[in-house]
Amino acid sequence: MSAVAKIETLLEENRLFPPPEVFREGAVARDATLYEEAARDRLGFWTRMARELAWFKPWDRVLTWAPPDARWFEGGRLNVSFNCLDRHLAGPRRNKAALIWEGEPGDTRVYTYQQLAREVNRFANVLKGLGVEKGDRVTIYLPMIPELAVAMLACTRIGAPHSVVFGGFSAESLRDRINDSEARILITADGGFRRGGIVPLKANADAALEGCPTVEKVVVVKRVGDGSVAGPRKGAGSDAAAAFEADMRGGRDLWWHELMAKAPAACPAEPMEAEDILFILYTSGTTGKPKGIVHTTGGYLTGVYATTKYVFDLKEEDVYWCTADIGWVTGHSYIIYGPLANGATSLMFEGTPDYPHRGRFWEIVAKHGVNILYTAPTAIRTFMRWGPELPAGFDLSSLRLLGTVGEPINPEAWIWYRQHIGGGRCPVVDTWWQTETGSILITPLPGVIPTKPGSATRPFPGITAAVVDEQGREVPPGAGGYLILKEPWPAMLRTIYRDHDRFIQTYWNKFPGLYFTGDGARIDEDGYFWLLGRVDDVINVSGHRIGTMEIESSLVDHPSVAEAAVIGRSHEIKGQAVSAFVTLKEGVEGTAQLNEILKKHVAGKIGALARPEEIFFTAELPKTRSGKIMRRLLRDIAEGRALGDTTTLADPTVMQKLKTQYDEAG
Ligand code: PRX
């Protein structure tokens with residue numbers, strides 16, 4: 001759907017779904033009290049939220065705000081793993097499932113809070129034994145296996161900031177991230193399962209480490225070679241898995257299970273300052289280099305704790321499932337830290353929705369009795385295409401709340417989700433937030449706010465958001481503009497790792513004193529927020545953020561390419577797809593074979609998620625007289641629209657030629 005058509009459907013969308021009565025009656029928040037409390041006294045509200053966590057020492061000051069620098073709960077001391085584990089061990093949660101894990105081949109593991117705490121204590125001692133000290137960075141490059149949760153929590157236990165790198169990233173992307181954070185330790189696995197095949201994580205890591213002077217030791221989890229593929233669901237790759245062996249380098253590489261067997265059982269939780277770094281997570285920006293988003297301890301935990309509790313209406317007995325990968329912020333905040341800080345049962349799944357069959361998600365919901373499901377619009381649109389008969393074949397009656405995140409959800413997908421997955425009885429929470437915001441910021445509280453399909457509704461209590469014009473003035477209801485945040489919030493990013501200037505430039509310079517989100521939005525007459533997508537050179541492919549400049553740099557890095565312009569064009573399933581316009585060097589022919597080679601080249605340099613959907617060879621790119629590529633016009637072409645204003649082009653005829661050529665290529 002084109003952007004214009006998208007906005008038109010949004011403008012027409014006015015159906016209202018009040019919270020179902022039975023849901024409201026039993027909800028954690030069932031009236032406007034929280035909103036009123038936070039409106040009266042914002043800092044008082046966050047103070048009350050923070051007090052629900054365990055602190056070794058109370059804070060002296062709730063907030064110090066010297067824009068753009070915020071310090072929350074200064075003087076307070078706490079430990080994240082203590083809050084996620086130890087404090088649940090004293091009461092009835094001790095033997096409650098903390099993690100229910102299902103592997104791609106169908107193997108399962110369940111960790112109670114006590115069992116998980118035991119693993120985390122041991123692994124924290126492993127890290128200490130390898131010389132990791134408070135403040136040292138640890139990079140984690142693992143598949144979605146329980147060891148990933150254990151490794152993260154162990155880092156927080158000893159105060160070593162982790163940097164988790166999504167397992168789908170290439171060796172080169174991993175290397176850049178390791179080097180930017182100067183990590184001393186890398187934790188990886190021999191391999192991971194992906195749709196029956198094997199992802200050679202250790203081999204990727206070895207390639208990355210050729211250029212990583214800071215890494216001293218590599219801890220390797222035996223995932224593929226551990227024989228589990230021979231378990232309940234022998235996959236196509238099982239023979240390969242049985243024979244799979246990682247190449248271990250003496251003196252550097254160590255097996256996880258061997259280290260764990262020797263590690264002492266108890267490791268005290270390090271009291272951390274509220275503003276100590278908890279983790280770094282890299283995300284794409286408008287320039288080629290990914291940004292290391294820095295989150296700190298007390299504010300982050302307060303934000304994810306409170307939002308998980310109220311947005312997902314968590315009850316003691318719930319099975320909660322967020323389908324994201326922990327390599328992204330959604331997995332950090334809403335698989336690990338938010339749910340575990342609440343003492344919830346969090347389900348973690350290693351595989352994909354279509355392997356070994358397209359009903360895999362629904363099979364999991366039925367098998368584990370999932371009550372709360374949090375997934376992405378791109379997944380919902382894929383399920384829509386596969387048809388409602390698939391989920392109808394499974395017992396989904398355990399579900400009582402549905403959530404979505406990652407990109408704007410089109411009203412059709414929202415309605416389909418509510419009807420065919422939620423059986424018409426589950427509220428849908430569309431949650432807007434970012435890697436930078438740490439926690440959900442715009443969302444309904446499901447027992448309080450009537451929802452409108454396609455709208456993330458209202459800011460969470462204690463959050464002040466607005467839509468402004470180019471001058472930073474708030475626009476009237478219905479008018480579009482830039483989404484900004486007016487006041488600091490506890491889980492906000494504090495800086496970009498070792499690049500505070502870029503932090504200021506990116507988020508605080510456009511409108512001084514206001515946080516610039518990079519998203520367009522409008523607020524309707526009822527005060528509901530409608531997110532309209534990115535307004536910068538960042539695109540959102542299947543809910544994954546990727547910078548067009550990153551893809552362009554990887555394309556021009558190929559010897560055949562002279563110039564490249566990358567845009568995101570609307571895509572029915574992915575939300576946006578990567579579309580590249582490429583000019584080749586003199587004498588190079590734009591063959592179909594070269595087209596494939598370039599797609600592979602990008603995937604190899606960045607990761608499969610950045611692979612262009614299409615590459616279009618052209619003799620010239622549309623440029624302004626000052627030489628700036630006009631991506632807006634390329635989007636018009638790729639989305640089949642009439643061409644916008646071309647008067648600023650150095651040579652307006654370029655566009656007509658390009659359009660004719662593009663349309664002919666079909
Ligand atoms: O454009 C917005 C979109 O995803 C961006 C943030 O991406 P990332 O940092 O990777 O985090 C994704 C998961 C939190 C935002 O700037 N976005 C995220 N959620 C929504 C959304 N757009 C519309 N509606 C949402 N619910």
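How many residues does the range 357-382 contain that are assigned to a loop (DSSP other than H, G, I, E, B) and either polar (S, T, N, Q) or surrounded by fewer than 21 Cβ atoms within 10 Å (Cβ to Cβ) (or both)? Walk me through how you get there before you give the answer.
Step one: filter the range 357-382 for residues assigned to a loop (DSSP other than H, G, I, E, B), giving 357-359, 369-371, 376.
Going one step further and asking which of them are either polar (S, T, N, Q) or surrounded by fewer than 21 Cβ atoms within 10 Å (Cβ to Cβ) (or both), we end up with 357-359, 369, 371.
The number of residues fulfilling the criteria is 5.
Report, by residue number, each residue of the range 382-404 that is within 16 Å of the ligand (Cβ to nearest atom) and of a type outside the set (Gly, Ala, Ser).
Answer for the range 382-404, where residues must be within 16 Å of the ligand (Cβ to nearest atom) and of a type outside the set (Gly, Ala, Ser): Leu401, Leu402, Thr404.
Inspect the range 522-542 for any residue being of a type in the set (D, E, K, R), closer than 20 Å to Val329 by Cβ, out of contact with any Asp or Glu (no Cβ under 8 Å at 6 or more places or on another chain) and in the same structural domain as Glu596 (by TED's automatic domain parsing) and give the result as yes or no.
No, that holds for no residue.
Tally the residues that are open to solvent by less than 10 Å² (accessible area, probe 1.4 Å), more than 8 Å from the ligand (Cβ to nearest atom) and either of a type outside the set (Gly, Ala, Ser) or not assigned by TED's automatic domain parsing to the domain that holds Ile463 (or both), restricting the search to the range 405-426. Spell out how you get there, then give the answer.
In the first step, residues of the range 405-426 are kept if they are open to solvent by less than 10 Å² (accessible area, probe 1.4 Å); the result is 409, 411, 413-414, 417, 421-422, 426.
Going one step further and asking which of them are more than 8 Å from the ligand (Cβ to nearest atom), we end up with 411, 413-414, 417, 421-422, 426.
Applying the additional criterion that residues be either of a type outside the set (Gly, Ala, Ser) or not assigned by TED's automatic domain parsing to the domain that holds Ile463 (or both) yields 411, 414, 417, 421, 426.
So the count comes out to 5.
Any residue in the range 310-336 that is closer than 21 Å to Lys367 by Cα sitting within a Cβ distance under 6 Å of a residue that is within 16 Å of the ligand (Cβ to nearest atom) and assigned to a helix (DSSP H, G or I)? List the pairs, counting only those 6 or more apart or interchain.
Qualifying pairs under 6 Å: Tyr320/Pro339; Cys322/Tyr334; Cys322/Ile335; Ala324/Thr330; Ala324/Gly331; Asp325/Gly331.
Would you point out which residue out of Val561, Val556, Val578 is in the same structural domain as Val654 (by TED's automatic domain parsing), free of Cβ contacts under 8 Å to residues at least 40 places away in the same chain and within 16 Å of the ligand (Cβ to nearest atom)?
Val578
Which of (1) touching a Phe, Trp or Tyr at 6+ places or on another chain (Cβ under 6 Å); (2) not in a strand (DSSP E or B); (3) not charged (D, E, K, R) does Cys426 not meet, given it meets every other one?
(1)
Kindly evaluate Thr583 against the criterion of being surrounded by fewer than 16 Cβ atoms within 10 Å (Cβ to Cβ) and outside the structural domain of Asn410 (by TED's automatic domain parsing).
No; evaluated as a whole, the condition is false for this residue.
Could you please let me know if Thr214 is polar (S, T, N, Q) and within 21 Å of the chain's Cα centre (by Cα)? Please lay out each step first, then the result.
Working: polar (S, T, N, Q): yes; within 21 Å of the chain's Cα centre (by Cα): no.
Taking the combined requirement at face value, the residue does not satisfy it.
Yes/no matrix, rows are residues, columns are (1) open to solvent by less than 30 Å² (accessible area, probe 1.4 Å); (2) modelled with pLDDT of 95 or more; (3) over 24 Å from Ile484 (Cβ atoms); (4) of a type in the set (Ser, Thr, Tyr):
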residue: Gly44; (1), (2), (3), (4): yes, yes, no, no
residue: Ala50; (1), (2), (3), (4): yes, yes, yes, no
residue: Ala54; (1), (2), (3), (4): yes, yes, yes, no
residue: Trp59; (1), (2), (3), (4): no, yes, yes, no
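Given the condition acidic (Asp, Glu), under 23 Å from Leu78 (Cα atoms) and open to solvent by 10 Å² or more (accessible area, probe 1.4 Å), answer yes or no: does some residue in the range 253-273 qualify?
Yes, that holds for at least one residue.
The values are calculated or read from the model by the stated rules, or taken from the named source; none is laboratory data. Predicted model, so just to flag it, every value in this text is computed and none were measured. Glycine also receives a Cβ, built like all others from the backbone with ideal geometry; neighbour counts cover every protein chain displayed. Keep in mind that these areas ignore ligands, DNA and RNA; they rest on the heavy atoms of the full protein, side chains included. Shrake-Rupley method; radii C 1.70, N 1.55, O 1.52, S 1.80 Å.
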